[in-house]
1. Report the residue count in the stretch 188-208 for those that are in contact with a strand residue (DSSP E or B) (Cβ under 8 Å, 6 or more places away or on another chain), assigned to a loop (DSSP other than H, G, I, E, B) and either over 20 Å from residue 235 (Cβ atoms) or in contact (Cβ under 8 Å) with a residue 60 or more places away in the chain (or both).
2. Tell me, yes or no, whether the stretch 159-175 has at least one residue that is free of Cβ contacts under 8 Å to residues at least 40 places away in the same chain, within 13 Å of the ligand (Cβ to nearest atom), within 12 Å of the chain's Cα centre (by Cα) and surrounded by 24 or more Cβ atoms within 10 Å (Cβ to Cβ).
3. In the stretch 120-144, which residue that is outside any helix (DSSP H, G or I) and surrounded by 12 or more Cβ atoms within 10 Å (Cβ to Cβ) is modelled with the lowest pLDDT?
4. Select from the stretch 176-187 the residues that are touching a helix residue (DSSP H, G or I) at 6+ places or on another chain (Cβ under 7 Å), within 11 Å of residue 77 (Cα to Cα) and either more than 8 Å from the ligand (Cβ to nearest atom) or without any contact (Cβ under 8 Å) to a residue 24 or more places away in the chain (or both) and list them in ascending order.
5. Take the residues in the stretch 1-36 that are under 12 Å from the mean Cα position of the chain (by Cα) and under 18 Å from residue 117 (Cβ atoms); name whichever of them is farthest from the ligand (Cβ to nearest atom).
Ligand code: ASP
C-alpha cells in the first residue's frame, strides 16, 4: 500500500505527481522530493521556493529538510539563498554521515558542489510585496502572518517512508531567522517503523512542543495519525493557554506505516492533500 500526504492546497499538483510515482513503484524519497520540487518551482506559491516571501532586507532565504524513515538519516538547509531546489539539496545532504545540516553560504556552496542549480529566487511579485511592506512600514506582527510550508510525507509499496519540508519562512523575518521547518523533531520526523509527521504554522511555537517528534512518538505508542496530531497539538495549546497565551497558528499532518493519514489544526480550516492507494485529493480539517 502506498500513501502520501502534504500540507495546503498548494501541494495538490505535487502530491498527485508523488502518488503517481509511488503507483509506478518509486521509493518514498523520490515521491517526496518530486512533489516538493513542483511547489518550489511555481512562483505563484509565494511562501515556498522561487518567488518566496522576502525577509526584512528584501532577500529570499529558504529553509528545507529531508528525512529518510528507513535509516533515520536527515539533511537540512537553513537560510539558504539562491538555491533553486532546497529540497534536493536537503536530500543530497541526507546521504552524508556528517555535515548534513548546512546554513547560509555553506549551503549554497554545497549546492554547487552537488551540481544543483542556483538561481535568484526573487521575482518581481516577491520584491513588490517587500517594497509595499517597507513603504507601509508594515508592523512586523501583521507581516509575520504571511507564511506557509510545504510538507510531504510518503510511504512506498516496500514500506519505505520519507518526509520533506520547504519554506521561505515568515514574511519580513529578521535576517538569519530560522523556523521549525529544517529542525528535526519540530518541523518533521520520520521513522518507518512508527510513521511520519510534519508541521506548518508559526515555527517559534511549533518548536516549543517538538511537535513532529511528539506525533510520531504517540503513534509508536499506538495512537492513530489523527489522534496523535490532535493530542500533540492540544498538549501544546493547553500549555500556551495556561501561560496566558492564545492557541497560536499551527497545523500538523501524519502518516502511519499502514498508509493511514491524519491532520489537526488550530485554524478554522486547514486544507491538505492526501492519497492512499490512489491519486491525491484535497481534504480539510477544522480546529
Ligand atoms: N513553519 C514555518 C516557519 O515558521 C512557516 C509556516 O509553515 O507557515 O518558518
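1. Summing the residues that are in contact with a strand residue (DSSP E or B) (Cβ under 8 Å, 6 or more places away or on another chain), assigned to a loop (DSSP other than H, G, I, E, B) and either over 20 Å from residue 235 (Cβ atoms) or in contact (Cβ under 8 Å) with a residue 60 or more places away in the chain (or both) in the stretch 188-208 gives 1.
2. no
3. Applying the filter and picking the extreme gives 138.
4. The answer is 183, and nothing else.
5. Among those that are under 12 Å from the mean Cα position of the chain (by Cα) and under 18 Å from residue 117 (Cβ atoms), it is 33.
To keep it simple, each residue is scored yes or no on (1) at negative phi; (2) assigned to a helix (DSSP H, G or I); (3) at pLDDT 95 or above; (4) more than 17 Å from the chain's Cα centre (by Cα).
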{"position": "229", "(1), (2), (3), (4)": "yes, yes, yes, no"}
{"position": "234", "(1), (2), (3), (4)": "yes, yes, yes, yes"}
{"position": "238", "(1), (2), (3), (4)": "yes, yes, yes, yes"}
{"position": "245", "(1), (2), (3), (4)": "yes, no, yes, yes"}
{"position": "253", "(1), (2), (3), (4)": "yes, no, yes, no"}
{"position": "273", "(1), (2), (3), (4)": "yes, no, yes, no"}
{"position": "284", "(1), (2), (3), (4)": "yes, no, yes, yes"}
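The values are calculated or read from the model by the stated rules, or taken from the named source; none is laboratory data. Computed from a predicted model, the values in this text were never measured in an experiment. Cβ: placed from backbone, ideal geometry, glycine included. Neighbour counts: every protein chain shown.
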